[in-house]
Amino acid sequence: MTKRQHSIISTCIALAVAATLLFSGFAKALDPMGMCIKLNAYASYFGLQLADSSLILQLATAALALLEFTLGLNLLLGIRRRLTTATTLVFMVCMTCLTLWTFIADPVADCGCFGEALKLTNGQTLAKNIVLLAAASWLAWKPLALPRLLTERNQWIANTYAAAFLAALMAYTFHRLPLVDFTDFKTGRSMREALFNPESEESYTDLANLILCDAEGEMVQDSLLLEDGYTFLLTLPDEAEADEGCIDQVNDLFDYCTDHGIGFFGLIAQEEEENIADWIDRTGAEYSFLTSESTQIKAMVRSNPGLMLIKDGRIVAKWSHNDLPSVDTRHTADLEALSAAANDRMSLRKLLAWLCLPLLLLVVIQSIINLFSRHNLNKKHKKMRKKIVAGNWKMNKNLQEGVALATELNELLNADKPNCGVVICTPFIHLASVAGVINKDVIGLGAENCADKASGAYTGEVSAEMVKSTGADYVILGHSERRAYYGETAEILKEKVNLALANNLEVIFCIGEVLEEREAGKQNEVVRQQLEGSLYDLTAEQFAHVVLAYEPVWAIGTGKTATAEQAEEMHAFIRQTIAGKFGAEAAENCTILYGGSCKPSNAKELFSKPDVDGGLIGGASLKAADFKGIIDAWK
Ligand code: PGA
């Protein structure tokens, strides 16, 4: 499979997984109380006694919704792809295990993964999760195949905006009522129609199966719903936990109803019938009570207590206890207006627009910037900058092999002139001999290191002056292998850079982050510090003799190339940093090479990026044909 095909498949899979996760997270945020009730059903299976509105369930719901939504968004926009796909995989492993258990143990009828928005049986959920697990594994296998739509900074903006939006939505829906009612007891539905005409369109299961009993245990739903005019139901799904803060308003409303001949009932869970006396004690309630199944009451109004207004057997409004209507007993209240006010919530379309449009705008702006400013401006500058392909032989080849390789390359490049500068950096002992077999007009020569001292009693060291005296014109400094294995610090490298420049060597200065730093999103910070630590004392004139090589350490010799987009993003950042220190002109003229598993097969794509001016090639520079293949990427 080609890289492109892989990327197309990954994108399609990511879109499907993202859509599922976004829907799942968003549905929970629209009706968080519904999710709390579901989680509580699991908790009580394990013998935990919690109130539906307990803080722990609210936090668990919020965390789950935020996690799902953020993962979905990140997959969609290609944000922190490694971390996101790995987390999605872990999440799906956990969820699949959980649903396997729910499938076997059957603790609840439907698992609640999409809240009330879409009910799946436990078997369907298990099947869905197995498919999602396979999809998540695919994505985690090659996360960088996903397209990345935003830069690092804009990723933070997108994540913060979406998380804040979702958190605010949940705070609102917890405090008031769900913005979208997924239950059968939706405002506008006729309970009468459902009850007496089960064949009708309005016959939703919960409505049709509703049973209301009076104090004597007589079923009264028929008579109640056949009555014309208004009736209030104060729903108490969990009397012991019900909030009493609204009691004065409830009692005022009841007084008003009594004065105006409007029905008003408390509706308490059958299982808690004995708590009626307790409620009367606590609140001085004078209204009559009906009972029903607690699950029904929980579905009726997502609040404890909640208020439902029925007119001619049809649900016309619902209120949370935080938001009860106020009536003045002296005047006739306009219940229609009160209902209209209660139903005047933000529409789903508007809500989605508020969520999606800013994110869409961010992506569009980013694309336009990428397309125009980078491409056009840099294309112009790129033409002027020196393009280089440099080989880094590292500790490979003995003298004879090295000379043979240099000779072969020299012949190839003299027969077919390169379209870019070519440099080979060899071990010290090769330098003088290689200098003798190459045409310096076509191939530049460089060392892989030099001492941080000018001369003297430093056994085994090779000074910049010695390097220059072999005929070499370049030196690689700051390579990650030297930093990691030979403890070369920014301070030591500063000395080396100064000595190299003082001896008229062009410096190829390497920078780049290790895997953990990239995973922590610190790559920009790392390269900025590497530049600052060793190069910031130079003048702009000195800096003109420095070629930078961005080499992500996780890509060196591992076969894992950074994608062209990743390389471009880093190169652009490096150029911007250089502009900040040495000025725009120095930055525009600075050659920045990419290094790390660069091969003939990926060089063209990498070099096509506006800020990538060539490559520093390790493994692939050890074979003349491969190295030439990379050089030819400039043709
Ligand atoms: P690589 O090495 O091309 O073998 O990954 C690059 C380098 O270390 O300069």
Do we find that Val527 is within 16 Å of the ligand (Cβ to nearest atom), more than 17 Å from Gly618 (Cα to Cα), modelled with pLDDT of 95 or more and buried (at least 18 other Cβ atoms within 10 Å of the Cβ) in this structure? yes
Between residues in region 451-470 that are of a type in the set (Ser, Thr, Tyr) and residues that are modelled with pLDDT of 95 or more and open to solvent by 80 Å² or more (accessible area, probe 1.4 Å), which pairs lie under 6 Å by C-beta distance while being six or more apart or on different chains? Ser463/Ser455
Among the candidates Ala164, Ala145, single out the residue that is small (Gly, Ala, Ser), buried (at least 18 other Cβ atoms within 10 Å of the Cβ) and closer than 30 Å to Met95 by Cα. Ala145
I need a count of the residues in region 450-502 that are within 16 Å of the ligand (Cβ to nearest atom), among the hydrophobic types (A, V, I, L, M, F, W, C) and surrounded by fewer than 17 Cβ atoms within 10 Å (Cβ to Cβ). 1
Checking Cys590 against (1) open to solvent by 10 Å² or more (accessible area, probe 1.4 Å); (2) more than 14 Å from the ligand (Cβ to nearest atom), which single condition isn't satisfied? (1)
Looking at Ile388, Ile438 in this structure, which one is away from the ligand (no atom under 16 Å from the Cβ) and either modelled with pLDDT of 95 or more or surrounded by 17 or more Cβ atoms within 10 Å (Cβ to Cβ) (or both)? Ile438
Inside region 264-341, counting only strands (runs of 3 or more DSSP E) that do not spill past its ends, which hold 1 or more residues that are open to solvent by 50 Å² or more (accessible area, probe 1.4 Å) and among the small types (Gly, Ala, Ser)? 288-292
Anything in region 593-632 that is among the aliphatic types (A, V, I, L, M), within 14 Å of the ligand (Cβ to nearest atom) and open to solvent by 10 Å² or more (accessible area, probe 1.4 Å)? List them, or say none. Ala620, Leu622
Which residue is nearest to Asn40 (Cα to Cα), if the candidates are limited to region 85-141 and must be among the polar types (S, T, N, Q) and open to solvent by 30 Å² or more (accessible area, probe 1.4 Å)? Thr121
Within region 391-420, which residues are within 16 Å of the ligand (Cβ to nearest atom) and among the small types (Gly, Ala, Ser)? Gly391
Has region 564-577 got any residue that is part of a helix (DSSP H, G or I), more than 16 Å from the ligand (Cβ to nearest atom) and more than 19 Å from Asn589 (Cβ to Cβ)? yes
Residues (outside any helix (DSSP H, G or I) and at pLDDT below 80) located in region 190-208: Pro198, Glu199, Ser200, Glu201, Glu202, Ser203, Tyr204
Test set (1) open to solvent by less than 10 Å² (accessible area, probe 1.4 Å); (2) within 29 Å of the chain's Cα centre (by Cα) - Thr577 fails condition number: (1)
Of all residues in region 44-57, how many are of a type outside the set (Phe, Trp, Tyr) and either under 17 Å from Thr99 (Cβ atoms) or open to solvent by 40 Å² or more (accessible area, probe 1.4 Å) (or both)? 8
Looking at region 76-84, can you tell me whether even one residue there is basic (Lys, Arg) and open to solvent by 60 Å² or more (accessible area, probe 1.4 Å)? yes
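The values are calculated or read from the model by the stated rules, or taken from the named source; none is laboratory data. As the structure is a computational prediction, the values presented were derived from the model and not from experiment. We place every Cβ from the backbone using ideal geometry, glycine too, and count neighbours over all the protein chains shown. Just so you know, the surface numbers come from the protein's heavy atoms only, side chains and all, with ligands and any DNA or RNA stripped out. Shrake-Rupley method; radii C 1.70, N 1.55, O 1.52, S 1.80 Å.
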